[in-house]
Every structure is written in C-alpha cells, then in structure tokens.
Amino acid sequence: MNAFPVSILPALVRREHASLAATLLAPPAALAVAILFNLGLYVLIGRDPAAVVYAMLLEPFLSWASFSEVLLKTGPLLLVAQGLAIGFRAKVFNIGAEGQFILGAIFASAIPVWFPLATGLWIWPSMLLLGAIGGALWASITAFWRVRLNANEILVSLMLSLVAVQVLNYLLLGPWKDPNGFNFPQSVMFQYDAMVPILIPGTRVNVSLLLAFALSIAAWAFIQKSFTGYKLQVGGRAPRAAAYAGFAEGRAIWLSLLIGGFAAGLAGAAEVAGPIGQLQRSISTGYGYAAIIVAYLGGLHPLGIVFSALIMAALYIGGDNAMVSANLPVAAVRVFQGSLLLAYLIAAAFVRYRLEWRRPAHRSPS
Amino acid sequence: MNAVEFVLAGMLAAATPFLLASLGELVAERTGVLNLGVEGLMAFGAVLAFIIVYHGGGHFLGFLAAGAGSAALSLVFAIVTLGFRANQVATGLAIGILGQGLSALFGKTYESLTVRGLPKLALPWLSDIPVVGGLFTQDVVVWLSLAATLAIWAMFAYTKAGLVIRAVGENPKAAHAIGYPVIAVRLAGVTFGGAMAGFAGAYAAVVYTPLWADGMIAGRGWIAIALVVFGTWLTGRIFLGACLFGAVSLLALAAQATGLDVPSQLLSSLPYLVTIIVLGIISSDRRMMQLNGIASLGDPFEH
C-alpha cells in the first residue's frame with residue numbers, strides 16, 4: 001500500500017552529493033520569492049509597491065549616509081548570528097539570543113551607571129567584556145538546565161528572554177532610572193569614554209563592526225580548523241558516533257551556549273556603548289530573533305552569514321525608510337523576515353534533494 | 001470575594017488559552033511533529049477573531065475564522081516540514097515570526113479597541129456552593145474546552161485513530177510498513193494543532209481580555225508548548241498544568257491588586273519563571289521523559 005498516493009506531485013529524491021549550485025542559489029532565490037510575496041501583500045493592504053521597492057530595497061544603497069546605517073546594523077546581527085550558528089551546527093537550539101543581548105547591554109551599562117564620572121580608555125573595552133560575560137552567564141542558565149536537568153534548551157532560552165525584558169524594565173523604572181530624565185524609562189546618558197570609538201568619520205559606524213568581522217574570521221577558523229569545532233559538528237550530525245568517539249554531549253551544549261551568549265552579550269554591550277549611548281527599553285529591535293534568520297540564511301556558514309547579515313541590516317533600514325515614505329507598518333519587517341526564512345528553508349531542501357516525477361507503481365516497496 | 005475565591009473562579013478561563021493550544025500541540029507532537037510556531041499561530045488567530053467580532057460578525061464566526069486562518073498557516077508549516085523535509089525547529093520559528101508579524105500588521109488599526117466578551121453560564125446548584133461555586137460559572141468556550149480535553153483523552157485511550165497517531169509518532173517506519181499513511185496523519189495532526197492554536201488566540205483576544213494590543217499573546221504560546229512537556233504528553237496532566245498556569249497568572253494579578261510590595265516586573269515574569277522551574281523538575285526525571293516522550297519527534301520522515 002502506498003503511503004501518500006499522489007502521482008501528480010513530484011517526489012523528493014535524496015542526492016548523492018549535496019548540490020553546491022543549490023547551496024549558493026538558495027539564499028538569493030529565497031530573497032526573490034520573499035520580495036514577490038511581500039510586495040503582493042503590500043498591494044493587498046493598499047500600498048504603492050513601486051514606492052515600497054524604492055524605499056525598502058534601493059534607498060539603503062543609494063547614499064553613503066544610509067548605507068553607513070546599514071553597516072551600523074550589520075554589526076550586532078553579524079555578532080549574534082555567528083555565535084548562534086556555531087550552536088545550530090551542533091544542533092543546540094539557543095533561541096534566546098534576545099535575552100542574552102539584553103543582559104549584555106545591562107552588564108555593560110553597570111559601569112557608566114555606577115561610575116558616571118569615570119574617565120579613561122579602559123571604560124569602553126571593559127564594558128564590552130562585561131557585556132559579553134553577562135550574555136554568557138545568562139546563557140549558562142540554559143546550559144545548566146539542559147545538561148544537568150535534561151530540560152529543552154529551546155523553551156528555557158526563550159523563557160529567559162521574556163524574563164530578561166522584565167529585568168530591563170525593572171532597572172529602567174527603578175534603580176537605574178535617570179533622576180533627571182523626566183521620568184522616562186531610561187538610564188543616564190553615558191560619558192564620552194564609555195562610548196566605542198567611531199570607525200568611519202562622519203557616520204555612526206564604530207569599532208564594534210571590526211570586532212564583528214574579526215569574530216567572523218575566528219568563527220570560520222574555529223569551525224574549519226580547530227579540533228573542538230570539528231567535535232561540535234560531529235556531535236550535531238551524528239550524536240551517537242560522537243558519543244562513541246568519546247565526545248561528551250554535555251560539553252558541546254555548554255560550549256555552544258556559552259559562545260552564543262558571549263557573542264550576543266557583546267552585541268548588546270556594543271549597542272548601548274555605541275549608537276544608543278544609554279540603557280533604554282528599545283535597545284534591541286528583535287536582533288536576537290532576526291539573527292536566527294541571518295544564521296540560517298547564511299547557510300550556517302561564517303562567510304555566508306556575513307552576506308546575510310548585510311541583507312538583513314539593509315532590510316531593517318529599508319523597512320524604516322518605507323515606514324516614513326510609503327506608510328508601511330513596522331510589522332511589515334517581521335512579516336518579511338518570517339517569509340524570508342520560510343522561503344529559504346524550502347529552497348535549501350534542494351541542496352540535499354532533487355525533484356523527480358514518477359508513478360507510484362514504479363516505487364519499490366520499502 | 002477573597003483571593004482564593006477569585007483564583008478558583010477565574011482559573012479555568014485563564015487556563016483556557018493554554019489548554020486549547022496545548023491540546024493542539026499535543027496531537028501534533030504525538031504524530032511526531034514539533035511545531036514551535038504556536039505563539040505566532042495564536043497571535044494570527046487572535047487578530048482574525050478580533051477583527052471579525054469588532055465588525056459585528058459575532059463570536060462564532062470569529063472563532064471559526066481564527067481556527068481556519070491558523071490552520072491554513074500551520075498548513076504552510078506542514079508543507080515546508082513534511083513536503084520539503086525542512087528542519088522543524090527553524091520552520092516553527094519562521095511560522096512564529098510570520099504569524100506575529102501578520103497579527104501586528106492586520107491589528108495595527110485596532111490597537112486599544114475593545115469588543116464585548118461572552119456571558120458566563122452557571123451550572124445550577126453547583127454554582128451556589130460557597131467558595132468553589134465560582135468554578136461552575138464559566139463561559140461556553142471554557143465548557144467546550146473541557147469537553148475537548150475529554151474527547152482527546154478518550155481518543156488516545158480508546159480509539160483506533162489515537163492508536164494510529166501514536167504508532168506514527170513512535171515508529172513512523174513501522175507504521176508505514178503496516179500501511180498507515182504517515183505523512184497524511186502528520187499533516188492532519190499539524191493542521192488540527194494549528195486550528196486549536198487559532199481558537200486559543202481567539203479566546204484570549206475576544207473573550208478573556210477583549211481588547212486588542214499588539215503582542216497580547218505574551219508568551220502564552222510558548223508556555224503551551226512547555227505544558228505538553230510538563231504533562232509528559234498525557235492529556236490529563238496537560239489539563240492540570242494549564243490550570244496551574246491559569247492560577248499562577250491570576251495570582252500575579254491578585255498580588256498586584258492587593259498592593260503587595262513586590263516589583264510588578266517580578267509578577268509579570270512569574271509565569272515564565274514557573275515554566276523554567278517546572279520544566280527543570282519534570283525533565284530531570286530522565287526515565288519518565290524517555291518513557292513518555294515521542295520517539296520520532298522532530299525527525300523528518302523518509303521512506
């Protein structure tokens with residue numbers, strides 16, 4: 001008896017080798033499909049598609065001013081996504097980068113909030129380091145829950161993100177609220193030495209972008225060249241073989257989550273010590289969730305992620321543009337992100353499978 | 001009304017969004033499919049129901065649209081994971097983001113608007129009992145959710161359909177060899193789960209707190225997924241877990257109302273903290289998790 005008697009539908013047949021062409025084509029194909037789908041949606045809600053295309057897809061690249069903003073957004077997305085991808089490759093699904101990002105921002109802010117008058121070159125590097133540690137600490141709760149208590153890391157890390165938002169709110173409405181801030185939920189503005197130095201004069205792009213690229217190279221070296229990186233990957237692809245070879249699952253989980261938390265925390269710190277300059281509610285516009293999409297769209301490969309982070313950053317800036325000039329709701333960016341990931345997941349199926357039309361009668365009984 | 005009476009009377013209504021979504025996720029997971037998009041499916045159902053009720057379509061039509069809309073969205077999940085064998089975790093997240101985005105997009109012009117909820121129906125005599133009487137005064141959706149709980153429990157305990165679902169989730173290769181349509185069963189399970197998430201969102205938006213606010217689902221879809229784990233994939237325990245969460249969210253409200261000297265943010269994060277703690281306690285019983293867990297959960301089926 002046939003499991004699914006539909007001869008009109010093609011069957012997915014496993015390729016003997018993963019297709020390189022499909023690997024390279026999947027992201028641009030997914031982007032094209034997502035653009036078409038979303039333009040259809042904009043027409044449906046009565047927006048001018050030409051205006052949206054211009055504002056969303058072209059404008060971010062047309063002037064140096066707006067492209068520098070794209071670069072500014074690339075930094076945090078790149079950092080978080082590189083950290084997450086290492087875990088995803090090991091099949092450790094840390095989806096709580098948003099919370100780790102927030103904790104990173106909070107930890108980093110502790111220095112300027114408690115020592116608002118401190119000066120010196122040590123301040124911003126210590127903030128970045130402290131933020132990274134904060135993110136890793138927050139992620140270590142998930143690691144402990146997963147390794148010691150056998151709890152699902154997806155649910156725990158996500159719940160911790162929701163808690164992190166409340167921790168941030170508590171600090172901003174309570175002990176860390178700027179006393180001269182007209183009761184707004186935000187901290188004091190940070191002093192000059194608490195800000196990451198500007199990298200490109202005349203823009204807001206700061207040194208943390210360099211850090212993101214450096215860590216991308218480190219991620220590539222870690223995955224391709226190091227034995228630990230190799231062990232992590234084997235653990236993800238063939239857990240039984242890995243266990244047999246003596247690669248402890250627990251260590252892989254700890255390592256994945258600590259790396260992911262460290263990178264997300266660093267990104268959060270760079271955000272408050274960079275373009276924002278204070279701790280406030282809107283420190284993250286969903287970077288932690290968007291970075292999951294960036295990681296997948298980049299094929300979980302360090303180089304691919306550099307490109308996908310740029311695309312996602314352009315989408316953020318383009319979405320902001322379209323909000324102003326084409327009256328597009330903010331939520332449109334989230335819709336775009338979700339449909340982009342879906343389109344990519346479909347396109348990526350062709351890396352491992354090809355379509356084949358065949359009659360059910362020809363199918364050998366399994 | 002004292003705090004105990006308040007919690008008892010409101011517990012079932014507060015539990016209903018959790019319960020409906022968890023029951024749907026339970027059926028989907030029992031077929032071996034992990035759908036992490038529940039939060040987005042609930043948000044999408046919620047906005048559809050709200051729009052229809054707001055424009056005078058009535059609650060019945062609102063729930064119908066929510067169920068159908070979220071089922072359609074979960075069908076997209078099914079096509080990507082079952083048809084194209086994509087990673088279920090990533091696909092679920094994508095559906096979640098998409099659902100929340102669509103919810104915010106459609107709900108934008110309805111922000112802060114209100115609709116009328118549903119009247120409470122009191123069971124005669126039982127509702128007159130002191131203290132616990134409030135438990136027997138509930139709206140029709142609560143009563144229907146209790147009936148659905150019983151029906152799903154009975155389906156798994158007594159019917160062939162329940163048996164087929166369990167076979168497909170436990171050992172899809174063997175189920176396929178016997179002749180059960182694995183993909184079709186999973187498709188049906190996922191779609192059912194989507195419809196239930198839609199109902200859950202509808203209940204949250206047009207009955208429980210009949211006011212539209214972006215992000216109103218507030219993690220309840222994720223807690224619903226956690227509840228399936230808490231209940232170790234057993235209908236009765238999932239019901240108890242949903243009641244616990246209904247009570248926790250009410251306690252947080254009651255504590256805020258009595259002016260307890262605790263930061264409101266701590267009370268808001270109480271459901272999440274309880275989820276994390278209970279998840280740790282239940283999951284640490286590895287033997288029980290292995291015994292009751294779904295063997296093929298999350299794995300694509302190839303034959």
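Here are the numbers for this structure:
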read-out: Cα long-axis angle, helix A:287-297 against chain A (0 to 90 degrees, to the nearest 10); value: 30
read-out: Mean residue ellipticity (222 nm) of chain A, computed from DSSP H runs ≥ 4 via -39,500 (n - 2.57), nearest 500; value: -22000 deg cm²/dmol
read-out: Average accessible surface area per residue within the protein assembly as shown, 1.4 Å rolling probe, Å²; value: 42
read-out: Angle between chain B longest axis and helix B:160-170 axis [Cα atoms, degrees, rounded to 10]; value: 70
read-out: Amide proton proximity set for residue A:186, modelled H, under 5 Å, gap of 5+; value: A:178
read-out: Average beta carbon contacts from partner chains per residue of B:212-225, 10 Å cutoff; value: 2
read-out: Number of partner chain Cβ atoms within 10 Å, mean per residue of A:344-357; value: 3
read-out: Percent carbon-and-sulfur accessible area, the stretch A:79-299, ignoring ligands, DNA and RNA, probe 1.4 Å; value: 67
read-out: Gaussian network model of chain B, springs between alpha carbon atoms under 10 Å - residue of B:51, B:282, B:225 with greatest fluctuation; value: B:282
read-out: Prolate/oblate/rounded call for the stretch A:79-299, Cα gyration tensor, a/c under 1.5 rounded; value: prolate
read-out: Of A:183, A:38, A:327, the one that fluctuates the most in a GNM where chain A has Cα springs shorter than 10 Å; value: A:183
read-out: Surface share of carbon and sulfur [accessible, 1.4 angstrom probe, percent] for chain B; value: 70
read-out: Nearest-ten-degree value, helix B:38-54 long axis tilted from longest Cα axis of chain B; value: 50
read-out: Residue among B:259, B:37, B:133 with the largest mean-square fluctuation in a Gaussian network model of chain B, springs linking Cα atoms under 10 Å; value: B:259
read-out: Accessible area that becomes buried as A packs against B, both chains, 1.4 Å probe, Å², nearest 100; value: 4500
read-out: Shielding of B:102-113 by partner chains, average beta-carbon count, 10 Å; value: 3
read-out: Mean separation of Cα contacts under 8 Å (6+ apart) over length of the stretch A:79-299, as relative contact order %; value: 44
read-out: Mean ellipticity per residue at 222 nm, deg cm²/dmol - from DSSP H runs of n ≥ 4 across chain B, formula -39500 (n - 2.57); value: -22000 deg cm²/dmol
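The values are calculated or read from the model by the stated rules, or taken from the named source; none is laboratory data. On a predicted model such as this, the values are computed, not experimentally measured, just so you know. Heads up, the Cβs are rebuilt from the backbone with ideal geometry, glycines too, and the neighbour counts pull from every protein chain shown. Surface areas here come from the heavy atoms of the whole protein model, side chains and all, with no ligands, DNA or RNA. Shrake-Rupley method; radii C 1.70, N 1.55, O 1.52, S 1.80 Å.
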